[in-house]
Amino acid sequence: MAPVRLAESSYFPCVSGSIASRYSAAYHYRFMYTAQSHLSKSRCLLFLALLAFSGSLCLGPNAATAQESNEILPLSHVRAGMQGYAYTIFAGDQVEKFDLEVIGVLENFLGPKQSIILVQLKGPKVEHTGVVAGMSGSPVYLDGKLAGALSLKLGVFTKEPIAGVTPIQDVLNPPSQTAAAQAATQQFGLPSEASTRTGLPSGSALEPIETPLVFSGFQPATLQQFANQLQGYGIMATQGGTASPRPDDGRLVAGDMAGMVLVQGDASINSACTVTAVQADRVYLCGHPFLSLGDIQIPMARSRVVTTLSSDLASTKIVNVGGSIGTITGDHLTAVTGKLGAPPAMIPLDLTLQVSGAEPAKQKSLHFELVNHPKLTPLLVAITTFSGLTQNSLYGEGTTLHLSGEIRLQGHAAVQIENTFAPGDSLSPDGLPIALTMQNVFTRLFANTFEPAKVDRIALRVESVPGRKSFAIESAWLEKGEAAPGEILRVRVLLRPYRGPARVEETTVRIPEQVSRGTTLRILVSDADLLNRASRGFAFAGAGSGPTGLDQLIALLNRERRNDRLYVGLFVPAPTLLWDDKELPNVPLSQINIVDGRPTPGSVQVLRESLASEASIPLGGPVSGVISLNLQVR
């Protein structure tokens, strides 16, 4: 086993480790300097000078390595009553020491042969703060040997800081997962009300210490819109900042802080927990899972503590996120693991907001980079797009928003994005539908069962037009009720703009030459969504037949009609066969009976009508409503 890199700490008491409370730093590893009144000033200065000189010989200025043993303590040697200590950061970069006492060992607590050491934390700071969010992973030493990592806390509003420790053997040897097994072993934290319903009151249950998910550049109102989804992942959202990368970011020791990079750029989202051990280029953190993602490739970054916020409800570390230092390679039951070095590539997202109606037109562009993961990317795209739009200085409520852009994928055609959104009368932000639309598209891409969707780049453009531009279909009529095969017929539609005078739009439909006389045709005047459903049936809603490959899925996404157009579709009473992503209109019943028995059951859908032709009129705002007209062929 490679030697474990242990904690570093300042020898000097003048480097404060206070936590915005009346308590000062109590411990500085094995040395605690206390000025004595009988020492003269000159003797104090000489003593400090000698310490500074010896420290510089070992590790450079202001730093020293705690003389801990490289040995680990097996779980079988842990006994109740053992005295020990642990390391974490309360403020700045100073790793601090606090005491603890073993209460006992909980056998098979996390699962079969997955035990936990129960400890009580001691010392002025931890008795004041309790178990702190972000403290998970703090290395625990018993008899001078590395015994485990802080990972669990007991209850809320408890009078004593009781914590659980993951044994070090489980931290350094987390269970491996194959790609096929990861989906079956996902474990997400339950919201507190869910645990209450299942008979596990949060006040008396051992739960994982929260790993703060640090949002920098996001307002609380933004996170509130996605609170239910974040809570479903068991995420504790906190606000923080970013710190400029430093040359020493990658020099991690036990007790430092690091975490995952989910979003970076003009805003950032990062997790933060404490480093348990470093073996060569391998890093072990947290002592428990972050999101139980299994084997992953997510950038790892250094975290720097600004201060520790003490709270009876939930104490937490306020964190700035530093530079990327490597890759998070595993997120398992007993530890998060990483590797120092170059971080993996992320997905660039460029978002441009342009405000029209003013001279000259104004625009502002933002750049983000997002992690590429099927469970995280759809939600991260939604949150980042919503924040980048609504927190933009050019953004204003009460405007019509036109969204356009593309999603470029490796080895496939780009997904084209185009839709228009008008402000509503509810209190929901006008930019939220754009975020949810993007989340839906990415969910469909990443949830496909054919191949991984490898996204190269996302480019989005939002044009803001003053006023609310939306249209409701009030009525429609034909110039006559009968027509001959091959004849062109005019269709007029009465539209009601939002708080505006009614207007009439006109288009034409052509009667198919092959239609038999006496046949009744149906003309559907509708918005995009209803015509999509009428022409694709259950397949549009995600049930029944669907695409058989990523290319077909992209083709379906690009064929979906736009919501800022008025559509007129002509349906003939002939069956349409929907087979995977293909639409086969006017199929004879004899052929349908042959084809329907050959594919996989459920992959074929038959509609009683076929869409013979359609016309559309762009209106510049969302359209809603439907009118169905009958036409007799003479």
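The values are calculated or read from the model by the stated rules, or taken from the named source; none is laboratory data. Every value quoted in this text rests on a predicted model; they were computed, and no experiment measured them. Because the Cβ atoms are built from the backbone with ideal geometry, glycine has one as well, and the counts that use them run over all protein chains shown. Accessible surface is based on the protein model in full, side chains and every heavy atom, while ligands, DNA and RNA are left aside. Shrake-Rupley method; radii C 1.70, N 1.55, O 1.52, S 1.80 Å.
Condition first: surrounded by fewer than 18 Cβ atoms within 10 Å (Cβ to Cβ) and at pLDDT below 90. Now tell me which residues in region 422-447 satisfy that. Matches in region 422-447: GLY424, ASP425, SER426, LEU427, SER428, ALA447. All of ALA243, ALA227 fail the test of being more than 15 Å from the chain's Cα centre (by Cα) and at pLDDT below 90, apart from ALA243.
Scanning region 83-134 for residues that are under 26 Å from ASP249 (Cα atoms) and assigned to a helix (DSSP H, G or I) yields nothing. Taking region 105-117 as the range and being in contact with a Gly (Cβ under 9 Å, 6 or more places away or on another chain) and either open to solvent by less than 30 Å² (accessible area, probe 1.4 Å) or aromatic (Phe, Trp, Tyr) (or both) as the test, the residues that pass are PHE109, ILE116, ILE117. The set of residues in region 406-421 that are assigned to a strand (DSSP E or B), modelled with pLDDT of 95 or more and open to solvent by 20 Å² or more (accessible area, probe 1.4 Å) comprises GLU406, ARG408, GLN416.
Restricting attention to region 253-276, the residues being over 21 Å from ASP331 (Cβ atoms), open to solvent by 30 Å² or more (accessible area, probe 1.4 Å) and out of contact with any helix residue (DSSP H, G or I) (no Cβ under 8 Å at 6 or more places or on another chain) number 1.
Before we move on, is ALA453 under 16 Å from ASN558 (Cβ atoms) and crowded, with 18+ Cβ neighbours inside 10 Å? Here the answer is yes, as ALA453 does meet what is asked. If we scan region 334-357, do we find a residue that is modelled with pLDDT of 90 or more, outside any loop (DSSP other than H, G, I, E, B) and in contact with a His (Cβ under 6 Å, 6 or more places away or on another chain)? Yes, some residue in region 334-357 is modelled with pLDDT of 90 or more, outside any loop (DSSP other than H, G, I, E, B) and in contact with a His (Cβ under 6 Å, 6 or more places away or on another chain). Is there a residue being among the aliphatic types (A, V, I, L, M), touching a helix residue (DSSP H, G or I) at 6+ places or on another chain (Cβ under 6 Å) and open to solvent by 10 Å² or more (accessible area, probe 1.4 Å) anywhere in region 148-158? Looking through region 148-158, at least one residue is among the aliphatic types (A, V, I, L, M), touching a helix residue (DSSP H, G or I) at 6+ places or on another chain (Cβ under 6 Å) and open to solvent by 10 Å² or more (accessible area, probe 1.4 Å). Is it fair to say SER365 is farther than 28 Å from ILE328 by Cβ and without any contact (Cβ under 8 Å) to a residue 12 or more places away in the chain? Against the criterion (farther than 28 Å from ILE328 by Cβ and without any contact (Cβ under 8 Å) to a residue 12 or more places away in the chain), SER365 does not qualify. One residue stands out in region 461-494 among those that are open to solvent by 50 Å² or more (accessible area, probe 1.4 Å) and free of Cβ contacts under 8 Å to residues at least 60 places away in the same chain: the one that is farthest from LYS362 (Cα to Cα), namely LYS480. If I filter region 347-363 for residues that are acidic (Asp, Glu) and closer than 18 Å to GLY217 by Cα, do I get at least one hit? Yes - at least one qualifying residue is present in region 347-363. When region 360-405 is filtered for residues that are in a loop (DSSP other than H, G, I, E, B) and within 30 Å of LEU291 (Cβ to Cβ), the ones remaining, listed by number, are VAL371, ASN372, HIS373, PRO374, LYS375, LEU376, GLN391, ASN392.
The residues in region 296-330 that are among the charged types (D, E, K, R) and more than 30 Å from GLU160 (Cα to Cα) can be counted, and the count is 1.
Restricting attention to region 214-252, which residues are open to solvent by less than 30 Å² (accessible area, probe 1.4 Å) and farther than 23 Å from ILE328 by Cα? Listed by number, the residues that qualify are PHE218, THR222, LEU223, PHE226.
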